[in-house]
Amino acid sequence: MRQAPHSPEEDADGEDSRPSKSAKKRHMHSLQELGEELTELPPSRIAALELPESLRDALAEFRRTRSHEGRRRQMQLIGKLMRHAEEEPIREAVAAFKLGSAKETLALHHAERWREELLASDDAITRWVRAFPDTDVQQLRSLVRAARKDAQAVLPEGEVRHGRNYRDLFQQIKQALAAQGRAEEPSVPEDNDE
């Protein structure tokens, strides 16, 4: 029986070292998904990446396209062009964007918890002042009082009214958390003296 000559892709054992058709397909799907994630990045982050000009143009065209079918076709083109781009820097940029977004969300949730605590209890104001001694206490108390008063006004549909003071209180909390670098704290500190 005659053996077929070894191709350059075969290793010493005669096994094919090339990726299988299924592996290639999985890789193409992962590039397509990466391309989709790339379209979600803000233009400033895309501009910072070293991308082939054709991919950069395709991303810009995707942003301009409004029809569903046009966006689908453009997405296919982006997936195809992703084959010629360096994958790792794109993955890192997408991961960094997602992480930053998650941190911002956590910071907003933390500020929201503080606002709810401040509106619910005067003890929370004491805890806030202990945690953030640079706070203008008079302004904080005034905002809390005004936001509580706004919340007592019930709209005809039975909804609670959250006015400007409610939003201003949130902004003050958010700025204080960011200034002291405490936006990542997982929860509102409890008063242990009582």
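Couple of notes before you dig in:
- If you go through region 148-169 and keep only what is modelled with pLDDT under 75 and outside any helix (DSSP H, G or I), you end up with Ala153, Val154, Leu155, Pro156, Glu157, Gly158, Glu159, Val160, Arg161, His162.
- Residues of region 58-92 that are within 13 Å of Leu38 (Cβ to Cβ), of a type in the set (Val, Ile, Thr) and at pLDDT 90 or above: Ile78 alone.
- Any hit, region 95-112, residues being farther than 30 Å from Arg141 by Cα, surrounded by 16 or more Cβ atoms within 10 Å (Cβ to Cβ) and either of a type in the set (Val, Ile, Thr) or not assigned by TED's automatic domain parsing to the domain that holds Gln139 (or both): yes
- Entry remark, region 84-118: residues being within 26 Å of His27 (Cβ to Cβ) and not aromatic (Phe, Trp, Tyr) number 15 in total.
- If you go through region 100-123 and keep only what is aliphatic (A, V, I, L, M) and under 26 Å from the mean Cα position of the chain (by Cα), you end up with Ala102, Leu106, Ala107, Leu108, Ala111.
- Single match in Arg115, Arg66 (criterion: out of contact with any Pro (no Cβ under 6 Å at 6 or more places or on another chain) and not in a helix (DSSP H, G or I)): Arg66
- Per the listing Leu38, Leu81, Leu108, the residue uniquely in a helix (DSSP H, G or I) and in contact with a Leu (Cβ under 6 Å, 6 or more places away or on another chain) is Leu81.
The values are calculated or read from the model by the stated rules, or taken from the named source; none is laboratory data. If you're wondering where the values come from, they're calculated on a predicted model, not measured in any experiment. FYI the Cβ positions are ideal-geometry reconstructions off the backbone, even for glycines, and counts take in every protein chain you see.
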